[in-house]
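Some notes on the structure that comes next.
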Amino acid sequence: MTETEFIPKAYTNFPEKGKVGWKAPSNIALVKYWGKKANQIPANPSISFTLDVSATITQVSYTKKKVDSNGFSFDLLFEGKPKEDFKPKIQTFLERIEPYLPFLKKYHFVIETSNSFPHSSGIASSASGMSALALCFLSIESKIQDMELDFFKKKASFLARLGSGSACRSIEGDLVQWGHHQGLEMSSDLYGIKYPFVVDPIFKNYQDTILLVHKGQKQVGSTVGHNLMHDHPYAEKRFEQAHLNLDKLKPILEEGDLQGFMQLVESEALTLHAMMMTSMPYFILMMPDTLEIINKLWRFRKETNVPICFTLDAGANVHVLYPESVKEKAIQFIKDELVAHCENGHYICDQIGTGAKQLFEE
Ligand code: PMV
């Protein structure tokens, strides 16, 4: 599909008011997206596990404006309180999606949002936040104009991408690929799609225990981060590698090859950080506790053969990934050895999820 196919036909009917609500999950990339072109087009394809517990709940009430005006009109409540500092991000999002949702200036919106995880936990709230909001606005459009479910999902992902790239992987579950890749003909730079190939049952209910090493604001925001890949000496090789890793992941997922999986996922995480260390300016986003966790995890894996591995976001927190069958052993190890490296001992027990859910529509 092309961008213009997401522009709707002229509307004929405008409801006076209503309210919609969605819950959308966060996601964790296995092959990472790092580097983008104009209009939130990824420099390389990526694939992620959709999460379950870490999610944003958003409801949007809409009331038709009495007098048409040329601007956007909205109030924003975060955890029940007005949140002025989130508004510029929403304003930019509205500007970007308005060509594809041309009803937006006709309404006043009240956006109420909250996360299932602490906002300052350093775990990506933009992916769940932007996908929940995109879904709410698209649900409103679907009241104005009928839409097929398959198109709805694609457009929701397309809109979410315009808010935050990785948010386009937070609409569906359980594995989502985004970005054009030769090995998957229907893949697109414009939206994420549910991974269509065979996946061994070992990856069902895969666990992700998120160790909150550092709960503050991230040192490098994602826009600045992605821009570091412009003129980066290793950029082209890295983009090529992401394509190769997607090819390699296919038989790994199909055959349930845990050794191959752990190797590929950890290498991707460290490559992401290597890109940040070798850019100009350069950053080290891991903290001493991040490294302690990685070393302890490697030692534990070597001694016990429990198939437990890690991945990282663009920050210090560690996602510990393992199959449900070793949950007890993994949790015991995490509690005994790793929680001490978390800020205030905080961690989140998450697992693969099935995607966003509509909560209500009035
Ligand atoms: O969606 P953004 O622009 O915040 O970028 C997210 C990038 C990583 O989380 C580091 C990797 C990924 O693929 O999710």
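For the range 192-219, which residues satisfy the criterion of being in contact (Cβ under 8 Å) with a residue 60 or more places away in the chain, part of a loop (DSSP other than H, G, I, E, B) and within 28 Å of residue 151 (Cα to Cα)?
Those that are in contact (Cβ under 8 Å) with a residue 60 or more places away in the chain, part of a loop (DSSP other than H, G, I, E, B) and within 28 Å of residue 151 (Cα to Cα): 195, 204, 205.
Scanning for something more than 16 Å from the ligand (Cβ to nearest atom) and modelled with pLDDT of 95 or more, does the range 33-51 turn up at least one residue?
Looking through the range 33-51, none of the residues is more than 16 Å from the ligand (Cβ to nearest atom) and modelled with pLDDT of 95 or more.
Here is a list: 199, 220, 176, 224. Which entry is at pLDDT 95 or above and surrounded by fewer than 23 Cβ atoms within 10 Å (Cβ to Cβ)?
It is 199.
Kindly establish whether residue 260 is closer than 19 Å to residue 165 by Cβ and not hydroxyl-bearing (Ser, Thr, Tyr).
no
With (1) surrounded by 18 or more Cβ atoms within 10 Å (Cβ to Cβ); (2) closer than 25 Å to residue 39 by Cβ as the list, and residue 91 as the residue in question, which single condition is left unmet?
Result: residue 91 passes all but (1).
Among (1) part of a strand (DSSP E or B); (2) over 22 Å from residue 361 (Cα atoms), there is one condition residue 60 misses while meeting the rest; what is its number?
(2)
List pairs: first in the range 67-89 and among the aliphatic types (A, V, I, L, M), second surrounded by 10 or more Cβ atoms within 10 Å (Cβ to Cβ) and assigned to a loop (DSSP other than H, G, I, E, B), Cβ under 6 Å, 6+ apart or cross-chain?
76/83
Being within 16 Å of the ligand (Cβ to nearest atom) and not in a helix (DSSP H, G or I), is that true of even one residue in the range 264-281?
Within the range 264-281, one or more residues are within 16 Å of the ligand (Cβ to nearest atom) and not in a helix (DSSP H, G or I).
Can we say residue 284 is outside the structural domain of residue 35 (by TED's automatic domain parsing), within 18 Å of residue 213 (Cβ to Cβ) and outside any helix (DSSP H, G or I)? Before you say what the answer is, go through the steps one by one.
Numbers: outside the structural domain of residue 35 (by TED's automatic domain parsing): yes; within 18 Å of residue 213 (Cβ to Cβ): yes; outside any helix (DSSP H, G or I): yes.
Answer is yes for this residue.
Anything in the range 8-34 that is more than 22 Å from the chain's Cα centre (by Cα) and not in a strand (DSSP E or B)? List them, or say none.
Those that are more than 22 Å from the chain's Cα centre (by Cα) and not in a strand (DSSP E or B): 8, 9, 10, 11, 12, 13, 14, 15, 16.
Considering only the range 141-161, state which residues are in contact (Cβ under 8 Å) with a residue 60 or more places away in the chain and more than 17 Å from residue 193 (Cβ to Cβ).
Across the range 141-161, the qualifying residues are 141, 143, 144, 145.
Can you find even one residue in the range 68-85 that is in a strand (DSSP E or B) and surrounded by 23 or more Cβ atoms within 10 Å (Cβ to Cβ)?
No.
The values are calculated or read from the model by the stated rules, or taken from the named source; none is laboratory data. Please read all numbers here as calculations on a predicted model, not as lab measurements. Neighbour counts run over all protein chains shown; Cβ positions are idealised from the backbone, glycine included.
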